[in-house]
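What follows is one structure encoded as structure tokens, with my remarks underneath.
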Amino acid sequence: MGGFEDDEPPSKRARASSVESTILSESFCYSKSINPLGGTMARPLASQGKEVMVGSKGVIKRDEFVRIITKALYTLGYEKSGAVLEEESGITLHSPSVNLFRKQVLDGNWDNAVATLNKLGLLDENIVKSAAFLLLEQKFFELLRNDNLMGAIKTLRTEISPLGVNRKRVHEMSSCIISSPQNFLLAFPKLGTEASDSRLKLLEELQKVLPPTVMVPERRLENIVEQALTVQREACYLHNSNDGLSLYVDHHCGRDQIPSRTLQVLRAHRDEVWFLQFSNNGKYLASSSNDKSAIVWKVDEDGELLLKHILTGHEKPVMMVAWSPDDRQLLTCGMEEAIRRWDIESGECIHVYEKPGLGLVSCGWFPDGKQIFCGLSDQSLSLWDLDGKEADCWKGQRSTKTSDFAVTKDGKVIIIMNRDSTILLFNRDTKQERLIEEDNTITSFSLSDDGDFLLVNLISEKIHLWNIKNDPSRVKQYTGHKRSRFVIRSCFGGSDQAFIASGSEDSKVYIWLRATEDVIETLSGHSGAVNCVSWNPTNPHMLASASDDHTIRIWGVKKASTKRKDIGSSSSSNGTHMNGSANGNGFVHQCNGSRSK
């Protein structure tokens, strides 16, 4: 087992919304016609309830509750049901004046719409002016579209400008008059929209301006339900599910949603497994080992991992692997040796990267997938094109004890070890340098998916979570795992990366709740130090761990029907055979360094 000493290199690094715009012509059980604008046919029934408030706690106003349900029915296209609810409840969706106003808007009767607006009894003059501006703006655009230039000018001068609101928009509208039709069509998409569609959109804009007591906001019921589900999800202590939340029951995740059961043991490596990483799409897992090989495993539809390729050719232990952004290629990095690029589909070696006289100690992809980063043994960092041409190089103090570095998804910030206890965040555009300074030696680190947080493993058996969005600040600390000699790696994982997982020298996997720092699971099963863990980015119920016991364990949720499967045991008849097959679906691919070098 490779040690972590000052004088030697690292050995383990770790539905369209309808706005009640069409009137159904089908006959219905009620004699009155159905008006999708709602309200004109509603009448109280003898069976109507008298309660003002509804609900067990008495905090929901009955009329508001019925109105948002009615609105939801119309929005979903259930015009008959919406009309029936108005009829039976006696609660109209809109008052007769509002219904008239909406009809005038949909008909493009702008002058009468403005007059009706002023009769709605709105007390806030600013609201009235803002709504009038929207109406007259639509009138202006439709006049322009109908080539009525004089009418548009008159509307702008005598109706819109006197309102005294949105001066910037008034200037933009003035520019339409002196611009070519092509220019203002580009600047104002409304002009290129059919009148009926743009008027429906106008109603939606008016709903945002007018008080909800006048016009019920669009999709209000959906918004309330979404808010309730969000609150339940945020209150779920152990939330770890990709399934949508049900409306039938309150949401709660138990510990059975945490991957804590061994589902598979992968035994194809012949020595200590130092590193592993799931692909970005979660369909593959790549592992590297002291046996000088890397293995690509495929995650099948049932969640079982099958050996796909054994990649050989490195002359020294393979310290790490790195997936391309599109998951079609893989980099493997030997210990102070060479970097090899592989095609995932065929398993063929595409390119070998070397620098005379220097060893490569780390590798990674630039976010566009067109360049790769390489850390070298002379404490420099190189950016190479895929064909092996060096595009850039940074020299300076950089620890060779860890192979970790990262690049944010926008490609702007490079994160590298600067000194034993310092991480450098370098902005390539602004050349700004920011530092994360720890009191103890840093052994590895991991970047969150959103690029805002960095998980830092320390020699002192602590893991620190840093917010690096602005000035770096330490926000959490996780403890309990064991580390005395080797590089132990941790990772973010689970739904919304709400958990932290780490290997440990006591042969266990530790899982913390990210927000509270609580250890929620300690997973036993390995018989050697657990060097690295990786959480499947698309399946929150799948976690992988790599160990000195030569195995990889796949952890999942507890299911009674699940039986543990061992894959690739060298002592079994279905094990890995170096003549080219493994379980009938994997192949050994040798890279001797001569391809595209």
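The values are calculated or read from the model by the stated rules, or taken from the named source; none is laboratory data. In this text the structure is predicted, and so the values were computed from the model without any measurement. Please note: Cβ atoms are built from the backbone with ideal geometry, for glycine as well, and neighbour counts cover all protein chains shown. In case anyone asks, the SASA skips ligands and DNA or RNA and just uses the protein heavy atoms, side chains included. Shrake-Rupley method; radii C 1.70, N 1.55, O 1.52, S 1.80 Å.
Could you figure out which of (1) surrounded by 16 or more Cβ atoms within 10 Å (Cβ to Cβ); (2) modelled with pLDDT of 95 or more; (3) touching a Lys or Arg at 6+ places or on another chain (Cβ under 6 Å) isn't true of R553? R553 satisfies all of (1) surrounded by 16 or more Cβ atoms within 10 Å (Cβ to Cβ); (2) modelled with pLDDT of 95 or more; (3) touching a Lys or Arg at 6+ places or on another chain (Cβ under 6 Å) except (3). Within the range 384-420, the set of residues being among the hydrophobic types (A, V, I, L, M, F, W, C) and modelled with pLDDT under 75 comprises just one member, W394. Residues that are under 16 Å from I511 (Cβ atoms) and at pLDDT below 90 were ranked within the range 240-266; the one that is most open to solvent (accessible area, probe 1.4 Å) is R255. Counting only residues that are in a helix (DSSP H, G or I) and within 18 Å of P211 (Cα to Cα), the range 70-99 holds 7 of them. In the range 349-374, the residues that are at positive phi and open to solvent by 10 Å² or more (accessible area, probe 1.4 Å) form Cβ pairs under 9 Å with partners that are at pLDDT 90 or above and hydroxyl-bearing (S, T, Y), at six or more places apart or across chains, as follows: G369/S324.
D271 meets the conditions (1) of a type outside the set (S, T, N, Q); (2) assigned to a strand (DSSP E or B); (3) more than 25 Å from the chain's Cα centre (by Cα); (4) within 18 Å of I552 (Cα to Cα) in every case but one. The failed one is (2). Of the residues contained in the range 134-144, one or more are found to be open to solvent by 20 Å² or more (accessible area, probe 1.4 Å) and closer than 21 Å to S95 by Cβ. Pairs meeting the criteria (first residue in the range 305-318 and more than 11 Å from S288 (Cα to Cα), second residue aromatic (F, W, Y) and open to solvent by less than 20 Å² (accessible area, probe 1.4 Å), beta carbons under 8 Å, at least 6 apart or on different chains) are L305/W297; L306/W297; L307/W297; K308/W297; H309/W342.
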